């Protein structure tokens, strides 16, 4: 049986079309997915992301080393986090360098770090973290008492701040991008998954339905998983299970920038495998595609890679594809040979259609890149 978030009844009340997503009953849209997409690009929309898992890392003893634990568990280096509230995006790898999950870690203080992990990987993430936590005297506190609402768009912050409790609003109004702030059981992060400015707000489950209503009354429109996917793909943001997995490394998933190689003395899980892959020469990369012919790009479609002279040099595969409401063209992320030129072909229903190869960011803050 699928799980329900504390906001499930609100989704039904607001007319959400419910589907199963990673074992959760979630709204795919509330009417028009296209309208919801444009709502976020032009104004403010909100998403229930309470199915994602919030994990607090706390000391189990005076000898606890939470920082050292995360430096070992994550490919990125939490030593970069020195200011309270600063966030860091990272992959958590297995021994072979495959991606167990991608996540955000917030540094609150030396004795309190917060992780936000994906819904579909939460169970295995917790098990993996637990396997290693004891060695560092770290306790995992899974925050099943909290809900999470993402408010995104150019007007999102202003509208969200207008209905937050006064002390939360005052603290959240001054945080910079990729920072968060905690006040009691509330936590507001200036982060998101849409390519727009906004907040991801964690709050007690008991307060979430009323806050959802307050946001709606302030003009923040409910949006579903469909718009969330088109928004994140336009922003060139990876989706776990599609653009990377336990079988793919960050180096071929457009996430090499999240691997902190320095200091060389820092050992993290998967480092030796990534070093070997890097030394051997990476032969694939993640690129963006814009379809020039009529059609829709979808995951698993074959890419025929060409060099700049139009010669076929190999094949690749689309990892995520959709029609972009902002660009009015079909776009995709694809894993292809590293020597691909500026054009390629994609096989759709037995036909080879023309596509342009671009950097894997299509729209940023409502503007085509």
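The values are calculated or read from the model by the stated rules, or taken from the named source; none is laboratory data. Quick caveat: nothing in here was measured; it's all calculated off a predicted structure. Using ideal geometry, Cβ is built from the backbone for each residue, glycine included, and neighbour counts are taken over all protein chains shown.
Do we have any residue at all in the stretch 284-298 that's farther than 29 Å from residue 21 by Cα, without any contact (Cβ under 8 Å) to a residue 40 or more places away in the chain and surrounded by 18 or more Cβ atoms within 10 Å (Cβ to Cβ)?
no
May I ask you to say which residue of 164, 148 is closer than 22 Å to residue 55 by Cβ and crowded, with 20+ Cβ neighbours inside 10 Å? Break it down stepwise before answering.
Details: 164 fails: closer than 22 Å to residue 55 by Cβ.
Checking each option against the conditions leaves just 148.
Which residues, counting only those in the stretch 147-195, are over 23 Å from residue 41 (Cβ atoms) and in contact (Cβ under 8 Å) with a residue 60 or more places away in the chain?
The answer is 147, 179, 180, 181, 182, 187.
I need the full set of residues from the stretch 24-34 which are assigned to a loop (DSSP other than H, G, I, E, B) and in contact (Cβ under 8 Å) with a residue 24 or more places away in the chain, in order please.
To start, the set of residues in the stretch 24-34 that are assigned to a loop (DSSP other than H, G, I, E, B) comprises 30-32.
Of everything in the stretch 24-34, just one residue is assigned to a loop (DSSP other than H, G, I, E, B) and in contact (Cβ under 8 Å) with a residue 24 or more places away in the chain, namely 30.
Can you tell me which residue among 119, 133 is closer than 23 Å to residue 4 by Cβ and surrounded by fewer than 21 Cβ atoms within 10 Å (Cβ to Cβ)?
Values: 133 fails: closer than 23 Å to residue 4 by Cβ.
Just a single option satisfies the conditions, and that option is 119.
Going by the structure shown, is residue 259 crowded, with 21+ Cβ neighbours inside 10 Å, in contact (Cβ under 8 Å) with a residue 12 or more places away in the chain, closer than 12 Å to residue 99 by Cα and in contact with a helix residue (DSSP H, G or I) (Cβ under 7 Å, 6 or more places away or on another chain)? Full working, then the answer.
Values: crowded, with 21+ Cβ neighbours inside 10 Å: yes; in contact (Cβ under 8 Å) with a residue 12 or more places away in the chain: yes; closer than 12 Å to residue 99 by Cα: yes; in contact with a helix residue (DSSP H, G or I) (Cβ under 7 Å, 6 or more places away or on another chain): yes.
For residue 259, the condition - crowded, with 21+ Cβ neighbours inside 10 Å, in contact (Cβ under 8 Å) with a residue 12 or more places away in the chain, closer than 12 Å to residue 99 by Cα and in contact with a helix residue (DSSP H, G or I) (Cβ under 7 Å, 6 or more places away or on another chain) - is met.
Could you say whether any residue in the stretch 12-23 is assigned to a helix (DSSP H, G or I), more than 19 Å from the chain's Cα centre (by Cα) and either modelled with pLDDT of 95 or more or closer than 30 Å to residue 324 by Cα (or both)?
yes
I'd like the full set of residues that are loosely packed, with under 13 Cβ neighbours inside 10 Å and touching a residue at least 60 places away in the same chain (Cβ under 8 Å), limited to the stretch 355-369.
359
Of all strands (runs of 3 or more DSSP E) completely enclosed by the stretch 178-237, which ones contain at least 2 residues that are crowded, with 23+ Cβ neighbours inside 10 Å? Outline the logic, then answer.
Working: elements: 180-183, 186-189, 198-204.
Passing ranges, in order: 186-189, 198-204.
Scan the stretch 241-264 and tell me whether some residue there is on the phi > 0 side of the Ramachandran plot, modelled with pLDDT of 95 or more, touching a strand residue (DSSP E or B) at 6+ places or on another chain (Cβ under 6 Å) and not assigned by TED's automatic domain parsing to the domain that holds residue 102. Can you show your working first?
First, the residues of the stretch 241-264 that are on the phi > 0 side of the Ramachandran plot: 241, 254.
Next, from what is left, pick out any that are modelled with pLDDT of 95 or more: 241, 254.
Among the residues that remain, those that are also touching a strand residue (DSSP E or B) at 6+ places or on another chain (Cβ under 6 Å) are: 254.
Still in the list and also not assigned by TED's automatic domain parsing to the domain that holds residue 102: 254.
Yes, because at least one residue in the stretch 241-264 is on the phi > 0 side of the Ramachandran plot, modelled with pLDDT of 95 or more, touching a strand residue (DSSP E or B) at 6+ places or on another chain (Cβ under 6 Å) and not assigned by TED's automatic domain parsing to the domain that holds residue 102.
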